[in-house]
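Visitor: Quick one: the structure is below, and I'll ask about it shortly.
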Amino acid sequence: MEMNDNGKVLGEERREMILETLRKSDRPMTGRELGEMTSVSRQVIVSDVTLLKARNEPIIATNQGYLYLHAQAAPQKIEKTIVCRHRPEQTEEELNLLVDNGVTVKDVKIEHPVYGDLSASIMVSNRKEVQAFIQEINESNAIYLSKLAEGGIHLHTVIADNEEQIRDAEEALRKAGMLVE
């Protein structure tokens, strides 16, 4: 392994190390963890991941860290896009209704009047992940994408093991008045 005088793993070798680590990991890894592993700053890791994405490496940034999307999926999952509308302060309730019914919320998408389609990864599958996502939004003073959308209408791609989980999640949103049909 090539390092400089400060013990930092250099350029391309560092990127290959990051890529291999993400491929082997069964959980998202933060920029801080990857930076500590290679003795560089989180900012260097952000740049490295951007370069890896530019090479079409299937890496996504989630609120829990970087994740490598493996081509071979486990058992076949079902994906569906659902349309929702609610007040920003109901986001945690909405996400909990979805994950409580066994679905993973992959992302959120809106149609912005100036920028067009915008999307962001969410990747939450349980209440603990929802709580961490909401906490990160609050601590960073970020704005929910749904707040930028016309009338608060937004879409979620949800992933489930079966159709019944998606139907149950939609019914829970319908009862809460959040599902747009």
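Visitor: Among Gln131, Gln165, Gln76, which one shows the highest mean-square fluctuation when the chain is modelled as a Gaussian network with alpha-carbon springs under 10 Å?
Guide: Checking each option, the largest mean-square fluctuation is seen for Gln76.
Visitor: Here is a further query. Using only DSSP helix segments of four residues or longer, with each worth -39500 (n - 2.57), what per-residue ellipticity at 222 nm results for the chain after dividing by its residue count and rounding to 500?
Guide: -12500 deg cm²/dmol
Visitor: While we're here: If I build a Gaussian network model for the chain, linking alpha-carbon pairs within less than 10 angstrom, which residue out of Arg23, Arg14, Arg55 has the largest mean-square fluctuation?
Guide: Arg55
Visitor: On to the next question. What Kirkwood hydrodynamic radius, in Å, does the chain give when the mean of 1/r is taken over all pairs of distinct Cα atoms and then inverted?
Guide: 17.9 Å
Visitor: Turning to a different aspect of this structure: Give me the Kirkwood hydrodynamic radius of the range 24-86, using the inverse of the mean 1/r over all pairs of distinct Cα atoms, in Å to one decimal.
Guide: This gives a value of 13.7 Å.
Visitor: Please enumerate, by chain and number, the lysines with C-alpha under 26 Å from the C-alpha of Lys109, excluding those fewer than 8 residues away in the same chain.
Guide: Lys53, Lys77, Lys80, Lys128, Lys147, Lys175
Visitor: Quick check: pseudo-label points 7 Å beyond the Cα along Cα→Cβ at His112 and Ala142, how many nm apart are they?
Guide: The answer from the label model is 1.4 nm.
Visitor: OK, next. Kindly report, to the nearest 10 Å², the accessible surface of Ser41 as traced by a 1.4 Å probe over protein heavy atoms only.
Guide: 50 Å²
Visitor: Explain nothing, just the number: dipole magnitude of the chain about its Cα centre with +1 on each Lys and Arg Cβ and -1 on each Asp and Glu Cβ, in debye rounded to the nearest 20.
Guide: 120 debye
The values are calculated or read from the model by the stated rules, or taken from the named source; none is laboratory data. Computed from a prediction, not measured in an experiment: that's the story for all the values here. As a convention, Cβ positions derive from the backbone with ideal geometry for all residues, glycine included, and neighbour counts pool all protein chains shown. Protein only, heavy atoms only, side chains kept; ligands, DNA and RNA dropped before computing areas. Shrake-Rupley method; radii C 1.70, N 1.55, O 1.52, S 1.80 Å.
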